[in-house]
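The values are calculated or read from the model by the stated rules, or taken from the named source; none is laboratory data. Predicted model, so just to flag it, every value in this text is computed and none were measured. Ideal geometry is used to build each Cβ from the backbone, glycine not excepted, and the neighbour counts take in all protein chains shown. Ligands, DNA and RNA are stripped out before the accessible areas are found, and what is left, the full protein with its side chains, is counted by its heavy atoms. Shrake-Rupley method; radii C 1.70, N 1.55, O 1.52, S 1.80 Å.
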Amino acid sequence: MQPPATFQDLIEEAKQLDLYSKLIHQLNKDFLFANIDLDFDEEILPSSLKLLLHETVYKLIQEKFAEYLNLLYIIDVPEKNIKALSGDDTVELAAQVSFLILKREWQKVWFKNKYSK
């Protein structure tokens, strides 16, 4: 599996494989497990998903850092990927972390789909 390079690539691949709703379900499951009050609608548009996820990650970084770290742990975002990001601009950091979260969730969904058959 070659991980998607951009948000658009990730969404296109998810839709092509008919796994977009499973990606949303996985996000909802992990956010619930992390005790973060965010529930994406199964029919959410990709642009809205990106915006809402970015906004949520930004607020977690700014206001609830412990919960943010717990979320990254639960989703299993590699620590080295987070450490490689620049923390100079919190808005940009939140956007990059949002993409890392989506990439990791996509990996989970892709592997489950591929190997559960």
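Observations
- A helix-only calculation puts the chain at -23000 deg cm²/dmol for mean residue ellipticity at 222 nm, using -39500 (n - 2.57) for each DSSP H run of at least four residues, averaged over all residues.
- Between 0 and 90°, nearest 10: helix 7-16 axis offset from the chain longest Cα axis: 20 degrees
- Solvent-accessible ranking of Ile24, Ile74, largest area first, probe 1.4 Å: Ile74, Ile24
- Computed over the chain: relative contact order in percent, which uses C-alpha pairs under 8 Å that are six or more apart: 33 percent
- Which label in [x] 19; [y] 29; [z] 14 gives the computed percent of Cα pairs over 26 Å apart: [z]
- In sequence order, segment 77-94 has phi-based couplings of 6, x, 4, 4, 5, 5, 5, 6, 7, 8, x, 5, 10, 5, 5, 5, 4, 4 Hz under the Karplus curve 6.51 cos²θ - 1.76 cosθ + 1.60, θ = phi - 60°, and Gly or Pro positions carry x.
- Straight Cα distances below 27 angstrom link Lys80 to the lysines Lys22, Lys29, Lys50, Lys59, Lys64, Lys103, Lys108, Lys112, Lys114, with same-chain residues fewer than 8 positions distant left out.
- Residue ranking by accessible heavy-atom surface, 1.4 Å probe, largest first, among Glu79, Glu67, Glu105 comes out as Glu79, Glu67, Glu105.
- Measuring r between the beta carbons of Val91 and Leu45 and using R0 = 25 Å, the FRET efficiency lands at 0.70.
- Label-point separation, Gln62 to Glu79 (7 Å along Cα→Cβ), nm: 2.8 nm
- Ranking Leu69, Leu49 by solvent-accessible area of protein heavy atoms (1.4 Å probe, all protein chains present), from largest to smallest, gives Leu69, Leu49.
- Based on protein heavy atoms only, the chain ends up with 62 Å² per residue of surface accessible to a 1.4 Å probe.
- Counting only protein heavy atoms and a probe of 1.4 Å, the accessible surface of the chain is 52% carbon and sulfur.
- Residue list for segment 49-82, given a label point 7 angstrom along the Cα-to-Cβ vector of Phe111 and an amide N cut-off under 12 Å: 76-78
- Degrees, to the nearest 10: 20-33 long Cα axis against longest axis of the chain: 40 degrees
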